[in-house]
1. Assess whether Val253 counts as being over 26 Å from Leu165 (Cα atoms), open to solvent by less than 10 Å² (accessible area, probe 1.4 Å) and either hydroxyl-bearing (Ser, Thr, Tyr) or in contact (Cβ under 8 Å) with a residue 60 or more places away in the chain (or both).
2. Name the residue, out of Lys313, Lys294, that is farther than 19 Å from Lys389 by Cβ, open to solvent by 50 Å² or more (accessible area, probe 1.4 Å), assigned to a helix (DSSP H, G or I) and not β-branched (Val, Ile, Thr).
3. State whether one or more residues within segment 239-253 are assigned to a loop (DSSP other than H, G, I, E, B), out of contact with any Pro (no Cβ under 8 Å at 6 or more places or on another chain), at positive phi and modelled with pLDDT of 95 or more.
4. Scan segment 158-165 and give yes if some residue there is under 24 Å from the mean Cα position of the chain (by Cα), at positive phi and not hydroxyl-bearing (Ser, Thr, Tyr), otherwise no.
5. Which members of segment 218-241 meet the condition of being in contact (Cβ under 8 Å) with a residue 60 or more places away in the chain, more than 20 Å from Ala288 (Cβ to Cβ) and open to solvent by less than 20 Å² (accessible area, probe 1.4 Å)?
6. Mind telling me which of the residues Tyr739, Tyr717 ends up being in contact (Cβ under 8 Å) with a residue 60 or more places away in the chain, surrounded by fewer than 20 Cβ atoms within 10 Å (Cβ to Cβ) and not hydrophobic (A, V, I, L, M, F, W, C)?
7. Show the residue pairs meeting these rules: Cβ distance below 6 Å; 6+ apart or different chains; first residue within segment 627-654 and closer than 26 Å to Leu713 by Cα; second residue of a type in the set (Lys, Arg) and surrounded by 14 or more Cβ atoms within 10 Å (Cβ to Cβ).
Amino acid sequence: MAKSKHAEMIDLIQEIATIGKNRGMLHQFTEDDSYDGRLITIGGQQLINFGSCSYLGLETDRRVKDGAIDAIERYGSQLACSRAFLSNTLYSEFEDILKRMFNAPLLLAPTTSVGHQAVMPTVVDDNDAIILDQQAHWSMQDVAYKLQVRGIKVTKVRHSRLDELKQKIEELAPKHNKIWYFIDGIYSMYGDAAPLKDLIKMLDSIKQMHLYVDDAHGISWAGKNGTGYTLSQIDLHPKMILATSLGKAFANVGGVFLFPNEELCWKVKSWGGALSQSGPQPPSVLGACIATAKIHLSGEIYERQQALAEKIKYCNHLLREKDLPLVSESHAPIFFVGLGLPRVGYNLVEKLQKDGLYVNLAVFPVVPETCTGIRFAVTLHHSNEDIEKLVDRIHYHLPIALSEEGRSMSDIYKAFKSLKHLQNTNNHAAHSLKVQWKRDETKFTIQHETSINNISKGTWNSMFLDKGAFDYEGMKLYEEVFGNESLPENKWGFHYFLVRNNSGRIVLATFFTETLSKNDMLASASISKQIETERIKNPYYQTSKTFLMGTLITEGCHLFIERTDPDWNDALAFLLDNISDYFEKSDNDILLLRDFDENDIEIKSFLMDYGFIKAELPDTHEIKDVSWENKDSFLQLLSGKKRRSVNQEILSYEKFFKVNISSGIENENIDLWYELYENVNRKNLALNVFKLPSKLFTAICSDKNWEILELRLKGEYSNSGKDEVVAVGFINKGSENYYPVMLGLDYSYVNEFNTYKQLLFNVVLRAGELNKKAVHLGLGASIEKKKIGAKAKQQVAFIRMKDDYNMSLIGIMSEKQA
C-alpha cells in the first residue's frame, strides 16, 4: 500500500536523524557524573558546551538547586492530580511572583509546547484564519495544522516579510473574522528578532489582525525583571498573546502564557484540555522556579543581563573580524554560521568536536535544505577565552571542510542572501578555497546544449537507448511539439548536459526540461482534489516554474553514470554544481531530480548530503522477461493466484473487445483518442500534471517509433449499438523494450468490462509479439500491474527549492500541512 505523505515525511526525518546519530551529532548522551554548565563529556571526550540555551547560567546556581531540594523534601516527588481539581501549594506562590514580574493575566503550562496545544485551539475560532511566519517554531506550526480539521484556514508568509503579511491579511479579511499572525520573538535558529514595533503599528491600523508571539528564546536575558526580549521592545497589546518558556534562560521547565484580559485567561485555563488533562509540574520544579523568579525580581538580573550582553558583543566582534558567515548579527545569545550543504556541516562539526568544542548542527527540516549551518549559544558559563577558541577553530577549519567536500564560499553566499556583503572580502576562507576549487574544476568539462540536434545520435543513444521513451528520435519529437507551444504549461525549454573527463570520455549525462508544474504534483490525490477546485477559476493557482530532470511524460533512467570511472562521484558533484548554477540564475522555483532507485544507497546519500530533499514517487513497474511465444506460455509464467485473476478479470472479458494496432500513419480517431486521454488526465490526481497538448498525440500517430493500441467494445455490448473505442494506449516501441507512455479510457465502461485491465494485458501481449526483452508499465496502479506479472520498484525524487517556505505543497509535508 502506498504511504501517505505524512508517513513519507516521518520516514525522511527518521533517515536524516539516523545519519546525524550515526555521525555522533544527534541524539547523544552526556557521560558526566556532574555538570558545571560549561563542560560535558561525549564519547569519552570532554567538550566545551556551546549547545546550551541556559543563557544566564542559572541552572547550576546554588539557590535554584536548594529551592528544588527543599520543595521535594517538603512535598515529595509529585502531587498526582489534575490542576482542574487541585494544585500544589507552591503553584500559588510561583504564580503570584510571575504576576509581579509580568504585570498581566497569565497561566502556567508544564511546557510551552503543551501550552500551545491548550491556548491556540481555544483562542482561535472556527471563523478565524492563521498566518504562520515561515520560521515560526514548530510547536506552533504543529498545532496550527491540526486546527485545519475544524476548517480553520492556515497559510504561511516568508520570514518577517510584512509586505506579504499585509497582502495575506487583505486576501483573508473578507471571509474571516480574526486573522492571527504567529511568530517567534527571537527565532531559535538564526537568533534574529521579529519586527515587533512595526507589527504593533499593524495591529493598531488593521482591525482584524491579532498577534501570537512565542518568546521562548528571549526570556531572562532581556527586559524588565527578565520578562524577555519582546516585552523589552513593546507592551502587551490588547490583540496579542505572548508565550514564553521556563526551559531556556529561566533554567527550569514550563511555559508561561500572557493574555490581554482575565476573561480570556480564564477561558483557556478552564477549557484548554492539554492543561487540565496533562500532569502538573512537580514540586521540585516549582521550588526551583520560585528561586529563579526571586532572582529575576532582584537587581542581580540586570547584572547578569549586562554580563551576557558583553559576551554577545565580544562574540559578534570576533566573528566580524574573521569575516565568518554569520547569518544574522543581533543582540541575542544565539549565533548561526552558514555552511550551505549538509556534507560541509558534518565535516566541520566533526573537526570542532575533535578540538573539544560542542556545537549544534542545523540541517533540514529545521532549516532549508541548502542552508545547513552550525548553531551555537553563548552563556555566562563561557569565558572570553572559550569564545575566542570557538571562533578561531571555526575560522581555521571552515576552508578545510569546504575544500575536503569540494565546495566553496560561493555556495554559502548563494544559500544565504544576507551574506552578499562578504562576497568580495579577501578573507582567509574565501582565498584558500578559490585556489582549491579551480584545481578541482580542471578534472572535467561540461557540454550544455539546448537542442538534441547539437548532439550526435550515436552519442546520445549509446547512453539512453532503451532507458526510457527518450532516445534520440524521442527527444526530437518532444522538441518539435513543446518547443513552440503558446500555453506556458506546454512551452518547454530543453537542456542537455554531458560531462567529460580529461581524456574526453563521457562520465555523466542527463537532460532537463524547464516547464510549469503544479505544486501538488507529488502530493496526495486528496490535496490535489481540493486545489483543483481553485484552478477552475485560476488554472495557474499553486504552480511553479520547474527545472525537471527528464520530462513530465517520460519515466526511466534519466541520468547516465559511468560508474566504472573512479572519479564519477567528483563528476556528479561537478554536474550538480553546473545545474545548480543555472537553476539559481534562471527564473525557475523548483529543481527536481527524479526516478532514482530507493535502494541505491550511494546515490541517495550523495544527493541528500548535497542538500536535496528526498521525496517518494509512486512505484514503477516492469516485466523483464518477455520471452513467451503466445498467450498460454505467458500465463504459465504467472503464479497460480495471478493466473486465476487473469482468467477471471481479463480473459473472461476478451470476447467483448476488438484490438487494433496502428503506427506511423495519421488516424481519423485522433480526436476521440485525445478525449479518452483527457478523461484519464482529469481523474488521475496521484501524479497531478497539466494536460498535454493534442499536438503531441498527432505527432505520435505519425511517428514510426510509436504505435497506438486501441480497444474497441463490440457493437452488441456498447450503449450505441456500434463498435466503440473505450481504451487506447500510446506506446514508444523502443529498440529492445516497450514503453506505454500515455493512455485513455472511457470510464463509463471501465467497471463493467474491466477495460483498464484489458488494456494492460494487451500491452504485455503486444510486447511479446514484437519480441521485446521487457515492457515498462510505468507509475501507479500497482495492484492491477502486479496481477499480470509486473514487478514493482520503489523510486524517489530529490528536490531543492529557491524558497523553502511552501515546501509542503510539493508533497514533502503531510496532507494537513498542504
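1. No; evaluated as a whole, the condition is false for this residue.
2. After applying the criteria, what remains is Lys294.
3. yes
4. Scanning segment 158-165, I find no residue that is under 24 Å from the mean Cα position of the chain (by Cα), at positive phi and not hydroxyl-bearing (Ser, Thr, Tyr), so the answer is no.
5. Selection gives Gly218, Ala222, Ile241.
6. One residue alone meets the criteria, Tyr717.
7. Close Cβ pairs satisfying both conditions: Leu635/Arg643; Lys642/Lys787; Ser645/Lys787; Glu649/Lys757; Ile650/Lys757.
A quick yes/no check of all residues on (1) under 34 Å from the mean Cα position of the chain (by Cα); (2) touching a residue at least 40 places away in the same chain (Cβ under 8 Å); (3) open to solvent by 70 Å² or more (accessible area, probe 1.4 Å):
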position	(1), (2), (3)
Met25	yes, yes, no
Asn49	yes, yes, no
Lys65	no, yes, yes
Ser82	no, yes, no
Ser87	no, yes, no
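The values are calculated or read from the model by the stated rules, or taken from the named source; none is laboratory data. Bear in mind that the values here come from a model prediction, so they are computed numbers and not experimental data. All Cβ positions, even for glycine, are placed from backbone atoms using ideal geometry, and neighbour counts span all protein chains on display. The accessibility values were calculated without ligands, DNA or RNA, using every heavy atom of the protein model including side chains. Shrake-Rupley method; radii C 1.70, N 1.55, O 1.52, S 1.80 Å.
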